[in-house]
Structures are given as C-alpha cells and as structure tokens.
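To keep things clear, I will list the structure first and then write my remarks on it.
Derivation of every value follows stated rules applied to the coordinates shown; laboratory data play no part. Remember, it's a predicted structure, so these values are computed and weren't measured experimentally. Note that each Cβ is placed from the backbone with ideal geometry, even for glycine, and that neighbours are counted across all protein chains shown.
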Amino acid sequence: MISSQPLLVASEKRGLHDRVTTYIAAARELAADGLTIAELVELTIGAMRLAIAAIDELEMAGDAKRQLVTELAGSIWDEFGRLLLPSALRPAFWVIGPPLRSLVIALAAGAVDALLPLVRIADE
C-alpha cells in the first residue's frame, strides 16, 4: 500500500502540522513517477486517518474538526491530483481539476463520520 510508509513515518512525529508535513513529504517521494486513481484515494484516506486521529484529541466542535480534515483532503488533492494525468494531458487538469477537487472535498466530509470510529478502534 502506498500510504503505509508515509503513515509510519508521520506517526512518529508530534503535532498535526509535523505529521501532515512529514506524510506529504514521504508520499511525494513515493509518487514521483505518477499515481493511479486508487493510489491517490489511498493517500487521501491515509492523510485523513492521520488527521482524524490527531484532531480527535482536540477540544473542538465536530464541525470544526470536519472542516480541518476536509481542508487536508483538499491539500492532498492540490499536491497530488495533477499526477493522475500523463504529462501531455496535464493542461486539461486546469479544466477538470476544480470540479474534481470539489468532489474530493465533499467525499472527504462524508468520510469523516465513517472513519472516526475506525480510527478510534485502531488506536486502542
């Protein structure tokens, strides 16, 4: 799984910012040669899992936590989404990228509620 190594490396860090920065750096290394849609989804869910675990410990309202996780999903899309297309088709990303980013964020918002119990069980 492409997200396994970045998750292991990032879990050793303290603080959400350090974890996410480390996760993205490790994922960027693995994705240097491009990504498939399945790998991008895996990286996004891995980052969300990392963020949910860290954010669950914070004293914040549920909507604020959901907002942080969806912003992270958007950041992952911004970082890696363009790698889905071969170099020759990357100009098309300017057209299809924004609607797909909105879709990723909407899916991430819905996935937070589904992932939270799984992350809590995995952390026990």
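Here are a few things to note about the model shown:
- Ratio of the Cα radius of gyration of the chain to 2.2 N^0.38 Å, where N counts its residues: 1.05
- For the stretch 4-123, size of Cβ-based charge dipole, Lys and Arg +1, Asp and Glu -1, in debye: 220 debye
- Computed label-point distance, nm, for sites Asp33 and Phe93 using a 7 Å Cα→Cβ extension: 1.9 nm
- Sites Thr21 and Ala114, calculated FRET efficiency, Cβ-Cβ separation with R0 30 Å, nearest 0.05: 0.70
- Working note: Karplus 6.51/-1.76/1.60 with θ = phi - 60° gives the stretch 51-66 the couplings 5, 4, 4, 6, 6, 4, 7, 7, 8, 9, 5, x, 5, 5, 5, 4 Hz, where Gly and Pro are set to x.
- Least to most buried among Arg49, Arg28 (fewest other Cβ within 10 Å first): Arg28, Arg49
- Each Lys or Arg adds one and each Asp or Glu takes one away; over the other residues whose Cβ falls under 12 Å from the Cβ of Arg66, this sums to -3.
- Sequence of Met48, Met60 once ranked by neighbouring C-beta atoms within 10 Å, starting from the fewest: Met60, Met48
- Karplus-derived 3J(HN,Hα), 6.51/-1.76/1.60, for each residue of the stretch 69-79, Hz, glycine and proline x: 5, 5, 5, 5, 4, x, 5, 4, 4, 4, 6
- The HN-Hα couplings worked out from phi for the stretch 94-108 by the Karplus form 6.51 cos²θ - 1.76 cosθ + 1.60 (θ = phi - 60°) are 5, 8, 8, x, x, x, 5, 5, 4, 5, 4, 5, 5, 5, 5 Hz, whole numbers, x standing for Gly and Pro.
- In nm, spacing of pseudo-spin labels at Asp78 and Leu103 (7 Å Cα→C-beta vector): 2.1 nm
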